[in-house]
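These notes concern the structure reproduced below.
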Amino acid sequence: MNYPSAMIRLVKLDPSGLKTLSLNLLPWICICHVSVLGLIYGGTAAWLSRDLLQDRGLLQLTLAGIPVAFLMHAGAALFLWVFLKALGGKATFLTAYFTMGVAAISLWIFAPFLAIIQVRAPTPAIVTAFVLTGFYGLAVTGKTIQQAFDLSTTRTVIALSAAVIYIGCFLYLWV
């Protein structure tokens, strides 16, 4: 199976196509997906802040989204790996990191709504889109890590819930 067909299966909540990809490709796919996620997030934030920036720093703010995406990705992978290992998961940290990075393709539609919520006063439609795309990204990530860690749905949901609560509290205190 090739990359496009594996990603089509992944976004349809079927991560089984990832097993057919070469293990040497996973780090590169992870880097690509998280980088694009950062560009989408940073680009949306820059575009919405262009009046404040007065056309200066748009490129810098857009590119600043990449390290933010990698920082958030690494932190989320670490927390999730800890909770999954505690529940009997059978994968290493790098497996969690790379599989979550590959699953980041599902967050591409979430990133603009996250930036809108952070930069502007959100409307009910934006909040609804934010929640729906966030749950979709979480579902794809959950199915992907469930397969990678060889855990039951119940244990995966428990680990994801603990990680989301912990990361949410951490972000609340950070911001």
Any helix of the chain counts here only if DSSP assigns it H throughout, its Cα atoms span 30 Å or more along the axis, and its mean Kyte-Doolittle hydropathy is at least 0.5, and such helices are 26-48, 58-86, 124-149, 153-174
One would report the Cα pair-distance distribution of the chain, bin width 5 Å, in %, as 1, 9, 16, 21, 20, 16, 9, 5, 2, 1, 0
Expected sort for 58-68, 107-117 on mean C-beta neighbours within 10 Å, highest first, is 107-117, 58-68
Ser5 neighbourhood, Cβ < 15 Å, K/R = +1, D/E = -1, net charge +2
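We did not get these values from a lab; they are worked out from the coordinates using the rules stated. Because the structure is a prediction, the values reported are computed rather than measured. No Cβ is skipped: glycine too gets one built from the backbone with ideal geometry, and neighbour counts run over all protein chains shown.
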